[in-house]
Amino acid sequence: MENDGGGWMVIGRREDGSVNFDREWDDYKFGFGFLAGEFWAGNELVHKLTNAGRTYTLRVDLSNYAGESVYAKYSNFSVGPESDNYRLHVTGYDTSSSASDKLGEHDGCMFSTASKDNDAHESRCFAALYGAPWWYCLNRDVIFTGLYGEHSTIPSGKKGIRWYKPWGLKIYAKQGVMMIRPN
C-alpha cells in the first residue's frame, strides 16, 4: 500500500461484508478470506513477522458510510505467540493521527473467539456476545472484526466495525484496512 510513504503489508481488510469474520480460533490463527478483498492474514503469521528482530508500525485506515476517513498509527506493534493467546502489544500512538488512541487501550489484551474466551470479563465472552473475535480486555471501543453494516442493520446486541470517536459508538465503519511495516 502506498499510504504514508508506502511499504505497508495489509494484515486485515474490511470492505463489503463478503467474508464472515465471526470465526473460530484456528481461522484467526491461520488466516482466511481473499487477498484482493476482505481477509485476515492470520495471527500466527503476524506474530512471526512482528517478532523476527525488527519493530513494526501499525496503521489502521477507516471510512464510514458518509465517506469520511480517519486513521490511527502506532510505532510499536507486535502480536505474541499462541501460547500467550496472541497477546496484542500496541504503543507509540502518533498524535497526528485523525482517529483517537482507542486501540492503545487494548495493549496487553489476549485474542478471544467464541470458543476461546480470553477477555478480562469474568462472566461474559465478548467475542461470542458481539459476534466478533478480537483483542478484548474490558474495552470494546475498537472492534475491527465486527459485523459488517450500518448501525440499523446490525442485530441487537452485536457490534459492527467500530472505532470509538470520531463518529461515536453508533456509527460503524464501512471500510477498514490494518497494515504494518518495519520501522
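The values are calculated or read from the model by the stated rules, or taken from the named source; none is laboratory data. From a predicted model like this one, the values you see are computed outputs, not experimental measurements. Note that each Cβ is placed from the backbone with ideal geometry, even for glycine, and that neighbours are counted across all protein chains shown.
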**Complete:** Among residues of the stretch 6-45 being under 15 Å from the mean Cα position of the chain (by Cα) and of a type in the set (S, T, N, Q), the residue surrounded by the most Cβ atoms within 10 Å (Cβ to Cβ) is 43
**Selected residue (only one of 105, 68 is acidic (Asp, Glu) and buried (at least 16 other Cβ atoms within 10 Å of the Cβ))** = 105
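Could you please let me know if residue 82 is surrounded by fewer than 16 Cβ atoms within 10 Å (Cβ to Cβ) and of a type in the set (Asp, Glu)? Walk me through how you get there before you give the answer.
Numbers: surrounded by fewer than 16 Cβ atoms within 10 Å (Cβ to Cβ): yes; of a type in the set (Asp, Glu): yes.
Criteria met by residue 82.
Select, from 92, 67, the only residue that is part of a strand (DSSP E or B) and either farther than 19 Å from residue 140 by Cβ or of a type in the set (Gly, Ala, Ser) (or both). Spell out the reasoning first.
Working: 67 fails: part of a strand (DSSP E or B).
When all the criteria are applied, what remains is 92.
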**Prompt:** In the stretch 131-147, is there at least one residue being in contact with a Ser or Thr (Cβ under 6 Å, 6 or more places away or on another chain), at pLDDT 90 or above and more than 16 Å from residue 40 (Cα to Cα)?
**Reply:** yes
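Which residue, of 124, 140, is among the basic types (Lys, Arg) and buried (at least 18 other Cβ atoms within 10 Å of the Cβ)?
After ruling out the rest, the residue left standing is 140.
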**Asked** Can you name the residue in the stretch 104-140 that is among the polar types (S, T, N, Q) and in a strand (DSSP E or B) and, of all such residues, is nearest to residue 87 (Cα to Cα)?
**Response** 112
